[in-house]
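Report on the structure given below.
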Amino acid sequence: MEVLSGKATKSKNKNKNKLKSTEALPDSKRVRISFANDEPLTPLIARFTGIEPPTTANFNVYEKKGKRESKYFINAMTNRMEFVGSNSSEDSQINKGAKYFVGVYDKSAGSVVFHSSPVVTFESFITEQISNVSKIKDTGNSDAQAKNDLGLSFGSKKKKSYLKARERNIIDVSTISGSKDHIKESIESVTKSLPSIVDMKAANDEHRPVPNFNIDEQNVEFIYDPDDYAPAHILEMIKTNILVDNSLSFSDLKDTLNITSEFIVSKVIKLSNLENKSADDYAKLILLAMMLKFRSLRSSDFTKRSKVFNALKEYPSKIVVYLVSRFTETVILPNGKNSFAFTKFSKDKITSFIAILMLSLNHWQIEVSEFAREIGLSNSASSDFLKSIGCKVLKGIMPNFSSNTNAEKEKSSSEDKPEDFDTDAKPQQHVTFAYLSAPLTFPIITKSGRKKN
């Protein structure tokens, strides 16, 4: 094969865009190229990924001829370092996509002979040891490494697969032990920055989906902030004249308020029989009815704000705006615009507000089954929810008085005293009821995931 060197000039024919070569150069300028075949020795290209060996290093080359290409294993050792290379290891990926040649130029003959040259990738290892014990140990490791490399280079396919799998599972203990001080310092530094159990509990309590509360308050009525679960400016917007001025029947009240809540209707009837009627209590009951209806809306109703307003059209729009802003979360739509959604956290939040409002209207106690009917949960789930807002759940006779201390309530639940019972309840009727206790205590999550009171 020959290559002629020269330069191209424009042709003088009509097509000026075509080019043609000039006359061949003299023989002194020609270079003959050829490829070597069946050579006794093959040049190798060395690729060192770490430390390069000194020029005095003596390399031992082992060759295993194959059908397509030969495999080479090379090693060299100095007083301090050992160099191990192979053209078939996992690190020798450089020779997978290309073939390399070394050209030998003979100036006197004016020729270049190209020799096929495999790429051998080398790794370096430290051989100098501190003590005789270390030398013996590392010599064994070095021998094992050499055997492993020989197996990867010249072993069968099954043997190579076994060696690679074993090599992946080896843990370099020396590296870990050398880093133990750094790991220890990092752990100590991170541990110091971790919050304490008290801090974590305080942060957890702060993000609970409940109204504002005072954890140290001793009076049950002021544990939760009334202006948070029943804001005064919202109560002022609610019209209660039709309830205060008229005594309506049970069915008439349901039609007038457009509700199915037995708790609210029974409370309205009781208030109407009192001489001193409280317009504030009426307003709280209507707010409770709105919150129950808001909670019962379907997820599809929250896709557009207009659907929510249409579902609550019988109530003042300003109160609906309050409910939407208080009990929904802002989400970002795919088009980048902000919207609102009624999430699980939103539902838990409005449920806790409903529970606190019902407790405040019922002397801070309530039957679990009655609360379960209002929010549509099982008695067991309702009991757990009431515990999560700080209530204690007992099974017994629910007291009738509102001035009970916690001890008196627990005592009355275990003793049969008809004079302490609710006059509207059946005599000696044992029920599961919940009451808010002071000071406020929230259940603790155990390792098993269960709540511990």
Potential lengthening between residue 299 and residue 207 on full extension [0.36 nm per residue; Cα-Cα distance subtracted]: 30.7 nm
In this model, which of 67/147; 313/347; 304/337 are farther than 19 Å apart at the alpha-carbon? 67/147; 313/347
Ranked order, 62, 100 - accessible area, probe 1.4 Å, largest first: 62, 100
Would you mind computing, in nm to one decimal, how far apart the modelled labels at residue 325 and residue 63 are, each placed 7 Å from Cα along Cα→Cβ? 8.7 nm
Ranked order, 56, 432, 328, 191 - accessible area, probe 1.4 Å, largest first: 56, 191, 432, 328
Pop a pseudo-label 7 angstrom from the Cα along the beta-carbon direction at both residue 125 and residue 165 and give the gap in nm to one decimal. 2.3 nm
Any idea of residue 227's accessible area? Nearest 10 Å², probe 1.4 Å. 90 Å²
For the cross-link pairs 64/157; 239/392; 270/349, which exceed 26 Å when the distance is taken from alpha carbon to alpha carbon? 239/392; 270/349
Accessible area of residue 347 in the full protein assembly, 1.4 Å probe (Å², nearest 10): 80 Å²
Can you put 183, 33 in order of accessible area, largest first, using a 1.4 Å probe? 183, 33
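The values are calculated or read from the model by the stated rules, or taken from the named source; none is laboratory data. Note that the structure is predicted; figures quoted are calculated from it, not measured. Because the Cβ atoms are built from the backbone with ideal geometry, glycine has one as well, and the counts that use them run over all protein chains shown. Side chains included, ligands, DNA and RNA excluded: accessible areas come from the protein's heavy atoms. Shrake-Rupley method; radii C 1.70, N 1.55, O 1.52, S 1.80 Å.
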